[in-house]
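Participant: Quick one: the structure is below, questions incoming.
The values are calculated or read from the model by the stated rules, or taken from the named source; none is laboratory data. Just so you know, these numbers come straight off a predicted model, no measurement behind them. Cβ placement follows ideal geometry from the backbone for every residue including glycine, while neighbour counts extend to all protein chains displayed.
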């Protein structure tokens, strides 16, 4: 407090700096953090983005914050879709392997069939 009449917490200039754009953005992010659903399917992503859009339209979330979150959600969507494709491909490959081993077994047990 050297040279000041008030401590740092009560200094009007320091309070003004604390409410700068960075602090305002942090406060807006807190509004998003309050609602953290599991975002593990495209359907859940659609619901979350819809709520985010309504919050932007209501003015409770800054457009720039929403833009950043939506970009991250687009990445999440890509990861979900990739995971789904990997699972589906693994199932197809397993079925193909099963079918070819069944055909091989059938040829061995019935040599006249093939």
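Participant: In region 36-47, what count of residues is obtained for those that are touching a helix residue (DSSP H, G or I) at 6+ places or on another chain (Cβ under 7 Å) and either surrounded by 10 or more Cβ atoms within 10 Å (Cβ to Cβ) or modelled with pLDDT under 75 (or both)?
Facilitator: Number satisfying all stated conditions: 6.
Participant: Would you tally the residues in region 56-81 being in a helix (DSSP H, G or I) and either in contact with a strand residue (DSSP E or B) (Cβ under 9 Å, 6 or more places away or on another chain) or over 17 Å from residue 43 (Cβ atoms) (or both)?
Facilitator: 13
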